[in-house]
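Below: the structure, in structure tokens.
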Amino acid sequence: MANDVIDDHLDRFAPEQRAALERTCETIRATLPGAAPELKYGMPTFTIDGVAVVGVEGFRNHNSLFPYSGSIVTALAADLANFTTSKGTVQFPRSDPFPAPLLRRILKARIQEINDSYPKASGVTKEFYDNGFLKAKGKIRGDRMSGDWQWFRRDGTLKRSGSFRAGERVGEWTTYDAEGAPYRVTHY
């Protein structure tokens, strides 16, 4: 496990509880290698391009998973029937990691929910791969692409960048190789 703010936070728990939380975090890291670890609301959280995906925290009598979404807890209610849940929390035993297959389903649903939340009222648009890496970002005005846009590969490297005016490509467009270095420039 990488040494980061989440690891530092988990160091305060007793060994058995810490191990369960660490294994839960390992599943999240493996499923979402594009996610960044940070503390939000005082708890370990994994974010993608600044958007919170999931948090975990330990408590006196249980551990909790916070998918930052009540609708996911509701949508997966049948799968979560053996857990104590609330609007946006799923409790699991202090000594056991959250079940990896179910956690992967929650993460996939959460990424889809995040993708569905765009474009924002401001026009800002982002789309993420299911591994947590950014797929594309830009702006929409009306129903057309506008301004600067970027597209990324599944591993997070920049693939293409360019600009739109009223949905039409304009200016310099750059295509990048697998290492992110420019290799072709096209003018529109």
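The values are calculated or read from the model by the stated rules, or taken from the named source; none is laboratory data. Worth saying up front: this structure is predicted, and the values here are computed from it rather than measured. Glycine also receives a Cβ, built like all others from the backbone with ideal geometry; neighbour counts cover every protein chain displayed. We work out accessible area using only protein heavy atoms, side chains counted, and drop any ligands, DNA or RNA first. Shrake-Rupley method; radii C 1.70, N 1.55, O 1.52, S 1.80 Å.
Accessible surface of TYR129, taken over heavy atoms with a 1.4 Å probe and every protein chain present, rounds to 40 Å². Residue ranking by accessible heavy-atom surface, 1.4 Å probe, largest first, among TYR118, TYR188 comes out as TYR188, TYR118. The count of lysine pairs in region 71-188 with alpha-carbon distances below 24 Å, taking only pairs 8 or more places apart or on different chains, stands at 18. Its residue count N fixes a reference of 2.2 N^0.38 Å for the chain, and the Cα radius of gyration divided by that reference is 1.20. A helix-only calculation puts the chain at -7500 deg cm²/dmol for mean residue ellipticity at 222 nm, using -39500 (n - 2.57) for each DSSP H run of at least four residues, averaged over all residues. Using the 1.4 Å probe convention, the accessible area of region 77-188 works out to 59 Å² per residue with neighbouring protein chains retained.
Under 10 Å, Cα contacts only: if you run a Gaussian network model on the chain, which one of LYS120, LYS137, LYS159 comes out with the highest mean-square fluctuation? Fluctuation is largest for LYS120. About its Cα centre, region 116-188 has a charge dipole of approximately 180 debye under the convention of +1 per Lys or Arg Cβ and -1 per Asp or Glu Cβ, with nothing else charged.
Scanning residues 5 or more positions from ASP96 or on other chains, none has an amide H under 5 Å from its amide H, with H placed 1.01 Å from N in the peptide plane. Using a probe of 1.4 Å, the accessible surface attributed to GLU179 totals some 150 Å² when neighbouring protein chains are kept in position.
Since only THR31, GLY132, GLY42 are under comparison, the one whose Cα sits farthest along the positive direction of the charge dipole of the chain, derived from C-beta charges on Lys, Arg, Asp and Glu, is GLY132.
Below 11 angstrom from the Cβ of SER64, what's the summed charge of the other residues (Lys, Arg +1; Asp, Glu -1)?
0
Restriction of the chymotrypsin sites (Phe, Trp or Tyr not before Pro) in region 1-68 to DSSP coil positions whose beta-carbon has at most 13 other beta-carbons within 10 angstrom yields TYR41, PHE59. Backbone phi angles across region 20-28, fed through the Karplus curve with coefficients 6.51, -1.76 and 1.60 (θ = phi - 60°), yield HN-Hα couplings of 5, 5, 5, 5, 5, 5, 4, 5, 5 Hz in residue order; Gly and Pro are listed as x. Taking θ as phi - 60° and the Karplus parameters 6.51, -1.76 and 1.60, the scalar couplings of region 121-138 work out to 4, 6, x, 4, 10, 9, 9, 10, 6, 5, 9, x, 7, 5, 9, 7, 8, x Hz in sequence order, x denoting glycine and proline. Distance from the C-alpha centroid of region 1-33 to that of region 151-174: 36 Å, rounded to the whole angstrom. ASP11 contributes about 90 Å² of solvent-accessible surface, heavy atoms of the protein only, 1.4 Å probe. Across region 168-185, computed HN-Hα scalar couplings (Karplus, 6.51 cos²θ - 1.76 cosθ + 1.60, θ = phi - 60°) run 9, 5, 9, x, 8, 10, 10, 10, 10, 7, 4, 8, x, 8, x, 10, 8, 10 Hz from first to last residue, x flagging Gly and Pro.
So who's got an amide H within less than 5 Å of the one on TYR68, skipping anything under 5 residues away but keeping other chains? H placed 1.01 Å off N, in plane. Residues meeting the amide H criterion: GLY55. The amide H of LYS40, built 1.01 Å from its N in the peptide plane, has THR45 as neighbours under 5 Å, considering only residues 5 or more places off or on other chains.
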